[in-house]
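The values are calculated or read from the model by the stated rules, or taken from the named source; none is laboratory data. Keep in mind that this is a model prediction, so the values were computed, not measured. Reconstructed Cβ throughout: ideal geometry from the backbone, glycine too, with neighbour counts over all protein chains shown. Side chains included, ligands, DNA and RNA excluded: accessible areas come from the protein's heavy atoms. Shrake-Rupley method; radii C 1.70, N 1.55, O 1.52, S 1.80 Å.
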Amino acid sequence: MLKVGLTGGIGAGKSEVSRLLVSYGAVLIDADRIAREVVEPGTPGLAAVVAAFGDGVLTGDGTLDRPKLGSIVFADPERLATLNAIVHPLVGARSAELESAADPGDVVIHDVPLLTENGLASLYDLVVVVDASPETQLDRLVRLRGMAEAEAKARMAAQATRADRLEIADLVIDNDGPLDALEPQVREVWDELTRRTADRA
């Protein structure tokens, strides 16, 4: 099994890279998806978030109001740290559970947005970074996701710098260009990952 950490800044296009890798045969463990699962209604995770942030972070039907919580934590590093201390251990435990279910010959992609920020590179056999310029990230967040520019900049500022991400990268996918330039690069990375997996067998 080859354990790969996949990361990139918000708006860099990491989700598209994940989708392509899965289409080639990778096993995907998506930290963002798991982070949503561990705070669903009735979970200890949601109870802990409400205890820390109050009932105001719930919607009328008792689910987590993610935009409301996001607006609180992304403006306050201390509160973001509080949230991370609740969610990250739960995500880590669930990720380990999913990884243990993979086959020995699999390429397991851990899609982890905050891999750099949380110093997690050593957990993986190698790290793939999806890279885009801050200008491209901002454009995608505002134009494609409909974020206000100030919110997009705040989200970007809360993450690691581009240089910090590139420093931990074993392989880099440049996603500054159009979508059709991305697929050949991802295929090349996949070929490298499968070669390394075969070498370990």
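Collect the residues in the range 118-147 that are surrounded by 16 or more Cβ atoms within 10 Å (Cβ to Cβ), over 19 Å from LEU2 (Cα atoms) and among the charged types (D, E, K, R), keeping them in residue-number order. Within the range 118-147, ASP131, ARG140 qualify. Within the range 177-197, is even one residue touching a Gly at 6+ places or on another chain (Cβ under 6 Å) and of a type outside the set (Gly, Ala, Ser)? Checking the range 177-197: not a single residue is touching a Gly at 6+ places or on another chain (Cβ under 6 Å) and of a type outside the set (Gly, Ala, Ser). Collect the residues in the range 149-198 that are outside any helix (DSSP H, G or I) and under 14 Å from VAL129 (Cβ atoms), keeping them in residue-number order. Within the range 149-198, GLN159, ALA160, THR161, ILE168, ALA169, ASP170, LEU171, VAL172, ILE173, ASP174, ASN175, ASP176 meet the criteria. Restricting attention to the range 113-140 and to residues that are aliphatic (A, V, I, L, M) and over 17 Å from VAL186 (Cβ atoms), the residue that is modelled with the lowest pLDDT turns out to be LEU114.
Checking each residue in the range 29-44 for being closer than 16 Å to PRO89 by Cβ, open to solvent by less than 40 Å² (accessible area, probe 1.4 Å) and either touching a Ser or Thr at 6+ places or on another chain (Cβ under 8 Å) or assigned to a helix (DSSP H, G or I) (or both) picks out ILE29, ALA31, ILE34, ALA35. Residue count for the range 50-76, restricted to those that are open to solvent by less than 30 Å² (accessible area, probe 1.4 Å), touching an Asp or Glu at 6+ places or on another chain (Cβ under 9 Å) and in a loop (DSSP other than H, G, I, E, B): 0. Just one of (1) open to solvent by less than 40 Å² (accessible area, probe 1.4 Å); (2) over 18 Å from the mean Cα position of the chain (by Cα) fails for ALA47. It is (1).
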